[in-house]
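The values are calculated or read from the model by the stated rules, or taken from the named source; none is laboratory data. Please read all numbers here as calculations on a predicted model, not as lab measurements. Positions of Cβ are generated from backbone atoms using ideal geometry, with glycine treated the same way; all protein chains shown enter the neighbour counts. Side chains are part of the model used for accessible areas, which takes the heavy atoms of the whole protein and leaves out ligands, DNA and RNA. Shrake-Rupley method; radii C 1.70, N 1.55, O 1.52, S 1.80 Å.
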Amino acid sequence: MEKKEMEKKESMDSIGKAYINSTFNNIIITITNQKGDVIAWSSAGKMGFKGSKKNTPYAAQVAAADVAEKGLKAGLKKLKVIVKGPGAGRDSAIRTLVNKNFTLLVIKDITPIPHNGCRPPKRRRV
């Protein structure tokens, strides 16, 4: 079994993608290979944070450290980071990935922005 695992690491591409989905309630970090197959994932809720503590920079840091360890074990060295959402933990998650000796090739923000938004409610009549 150990030989198969070693073969996997050698054939594994050293470049991957890290998706950071940061909402107002939670932060989810997923690391995939170039094809898009998930290698590791973690979230603030998975790391034991509850309620309003899930959307803090510290919770994002802990979740990013967890997923970085798994990514390093899988043989990844370089990451393309794709950030989505307006949450608080975006920057600290990226900093943690850098501190765990990943080389970041690209940081891309794909947060959806409404061009005109929803129709506002009718004017209130009293």
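Observations
- Complete set of residues in segment 105-126 that are outside any loop (DSSP other than H, G, I, E, B) and more than 13 Å from the chain's Cα centre (by Cα): L105, V106
- Which numbered condition T103 fails, given (1) more than 24 Å from K35 (Cβ to Cβ); (2) polar (S, T, N, Q); (3) open to solvent by less than 90 Å² (accessible area, probe 1.4 Å): (1)
- The set of residues in segment 51-64 that are of a type in the set (S, T, Y) and open to solvent by less than 60 Å² (accessible area, probe 1.4 Å) contains only T56.
Let's see how each residue does on (1) in contact (Cβ under 8 Å) with a residue 40 or more places away in the chain; (2) touching a helix residue (DSSP H, G or I) at 6+ places or on another chain (Cβ under 7 Å):
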residue	(1), (2)
K54	no, no
Y58	no, no
V62	no, no
L72	no, no
K78	yes, no
V81	yes, yes
R90	yes, no
A93	yes, yes
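- Breaking point among (1) modelled with pLDDT of 95 or more; (2) crowded, with 17+ Cβ neighbours inside 10 Å; (3) part of a loop (DSSP other than H, G, I, E, B), for G87: (1)
- Exactly one residue out of G48, G36 is open to solvent by less than 70 Å² (accessible area, probe 1.4 Å), at pLDDT below 95 and not in a helix (DSSP H, G or I), and it is G36.
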